[in-house]
1. Under the classification rounded if a/c is under 1.5, otherwise prolate if a/b is larger than b/c and oblate if not, where does segment 11-104 fall, given a ≥ b ≥ c as square roots of the Cα gyration tensor eigenvalues?
2. If the cut-off is a Cα-Cα distance under 17 Å, which aspartates and glutamates reach Lys17, setting aside same-chain residues fewer than 8 apart in sequence?
3. Can you list the HN-Hα couplings for segment 50-58, worked out from phi with the Karplus curve (6.51, -1.76, 1.60; θ = phi - 60°), rounded to whole Hz and with x for Gly and Pro?
4. Given the Cα-Cα distance of Arg150 and Met39 and 0.36 nm per residue of separation, how much length would full extension add, in nm?
Amino acid sequence: MAETIQILVDADACPVKEQVYKVAFRLGLPVRIVANSYMRIPDDPLIERVIVDDHMDAADDYIAEHSGPGSIVITADILLADQCLKKGAAVIAPNGRLFTENSIGGAVATRAIMVDLRAGGEQIGGAPPFSKTDRSRFLSALDQVIVRLRRNK
C-alpha cells in the first residue's frame, strides 16, 4: 500500500499557496508549508507551518528529508526537485511544470550553464512573470499527480 499523500511546499517565494490550500481542503490532504520565517497559513489541522533555521538551504534540506513516495513537492528549485525525485516524490513547479526522472537531468544541466554564464558576467533575463495560465497549468498538474498517486494506493 502506498503511503498517505502529503504536500510539501517550498513556500518562501511560492505563488500558488492559495491554490494548494483549496485543493487540500477539497480532498482532505495534509500540507506542510516550509519557510525560513513566519508565514500566515489557514487555521486548519490539514495545514502545518514549518519554520526552519535561516541558514541557506534549510527549507530545501527539510523538504528533501521529509519527502518520499506519496509526497508531492511544490518547488521551483531544480536541485531540490532532483533530490526529491530521487526519494520517490512527485515534484511540480509553481508554473505547472512536472519534474520527472526523464526531464530533471536536462533541467539540472541548463541550470548549471545559466549559473556559469551569470558568473561570467552575462546579463541573462530571469523567469517570465507568473501568469494566470501558469496558475491554471499548476492546478491541472497537481490534479494529475493526485489522481496518479491515489490510483497507485
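1. Oblate, since a/c reaches 1.5 and b/c is not below a/b.
2. Counting by Cα, and skipping residues close in sequence, Lys17 has these aspartates and glutamates nearby: Asp43, Asp44, Glu48, Asp60, Asp77, Asp134, Asp143.
3. 10, 9, 9, 4, 8, 6, 4, 6, 4
4. 37.0 nm
FYI, it's all coordinate maths here, none of it is from the lab. Fair warning: this is a prediction, and the values are worked out from it, not measured in the lab.
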